[in-house]
Amino acid sequence: MSRRASRSPEGSASFLARLGARAVGAIVVTIVILFLSLMLGLGAAMSTSIFHSFGNGFALADSQVQTSVIVRNDSPFSIPGVEFPYSYSAQIIEGSAGCKLLTTEGTRSCGSTTVALGTIKKSESKMGNLTIFPNHGNFTIEYSAYVWLFTYSFKVASIQVACSSENGIDYTCARVGREPVTATPGPVPGFPLEFIILGMLLGAVLVLLRTRRRGT
């Protein structure tokens, strides 16, 4: 009885040590898998297409024209459980035209905000609406699509559409180019809070592993 009692604390400590090591290992594996899944999913989301609905042009029957932008997820693959929210924006880059976006907070001027589209599954599309006020002159508008990772947005597609008219009524429109993919900062300046937390977790795991090795 005394021998069993004397070995019991050591056996319990050994069991707890093994259990702790397995828990730490499981945490590390989970964090690594989550990080890789997010990075792979974000890389796949870079294959996004954006289109305009002007066609070859339009006739201005009023002072404004209702149009739309179409964002399509052309990702070559999808990561199970990983879906990113999309948004779009528009901006007049040439001419005196005006532009308005309808957001959940109300109507906003183009160039000052993005409009959420929600998640877009692989090979699917979503449409966003906007109103343009040509002011009977020529203009060039830029459409951009973004995916969001926590508080960071990444521009994944961008096009420019030039519309011109000789009489201020009948417009001819054509796509003129696409900008390269760039990352834009989120609403909070500096490094994202989520990445800081992830770094702290990884640091804590490394400290625990080193402490355990020294103890053994």
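What the table below lists for this structure:
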item	result
Estimated distance in nm for a label pair at residue 121 and residue 27, the labels positioned 7 Å out from Cα along Cα-to-Cβ	3.6 nm
Potential extension, residue 108-residue 74 segment - 0.36 nm per residue separation minus Cα distance	9.4 nm
Dipole-positive endmost among 59, 86, 129 within the stretch 48-191 (Cβ charges, Cα centre)	86
Exposure proxy order (Cβ contacts within 10 Å, fewest to most) of 139, 58	58, 139
Cross-link reach list, lysines versus residue 100, counting only Cα pairs under 19 Å and skipping chain neighbours closer than eight places	126
Distance-filtered residues of the stretch 138-163 - backbone nitrogen under 19 Å, label point 7 angstrom along residue 94 Cα→Cβ	138-144, 158-163
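None of the figures in this text is laboratory data; all of them are computed from the coordinates on show. Quantities reported herein were computed from a predicted structural model and do not represent experimental measurements. Every residue, glycine as well, gets a Cβ built from its backbone with ideal geometry; the counts of neighbours run over all protein chains shown.
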